[in-house]
Amino acid sequence: MEPEVVVAWIESIRDEVTVSEACTWLGIARATYYRWKQQWRQSAQKLWRRKSVSFAPS
């Protein structure tokens, strides 16, 4: 199970079910989901910064 896929899927259904329910369906702890979400967010921010720097005028 890829953390990025889990985070994206749970975020896509958050209006319909709770994080706890989704985690139970997947057999993962809520803490694991939130840790993965934090890691995913940090990775996305790093990527965004790198792309922003590469497009900045010299």
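Anything in segment 26-43 that is open to solvent by 70 Å² or more (accessible area, probe 1.4 Å) and touching a residue at least 24 places away in the same chain (Cβ under 8 Å)? List them, or say none.
GLN39, TRP40
Restricting attention to segment 10-25, which residues are assigned to a helix (DSSP H, G or I) and either among the acidic types (Asp, Glu) or surrounded by 13 or more Cβ atoms within 10 Å (Cβ to Cβ) (or both)?
Correct list: ILE10, GLU11, ILE13, VAL19, GLU21, ALA22, CYS23, THR24.
Restricting to segment 26-58, name every residue that is modelled with pLDDT under 80, part of a helix (DSSP H, G or I) and not polar (S, T, N, Q).
ALA44, LYS46, LEU47, TRP48, ARG49, ARG50, LYS51, VAL53, PHE55 - these are the residues of segment 26-58 that are modelled with pLDDT under 80, part of a helix (DSSP H, G or I) and not polar (S, T, N, Q).
The values are calculated or read from the model by the stated rules, or taken from the named source; none is laboratory data. In this text, all values refer to a predicted model and were calculated from it rather than measured experimentally. Cβ coordinates were reconstructed from backbone atoms using ideal geometry, including for glycine residues, and neighbour counts include every protein chain displayed. For accessibility, only protein heavy atoms count, side chains too; no ligands or nucleic acids. Shrake-Rupley method; radii C 1.70, N 1.55, O 1.52, S 1.80 Å.
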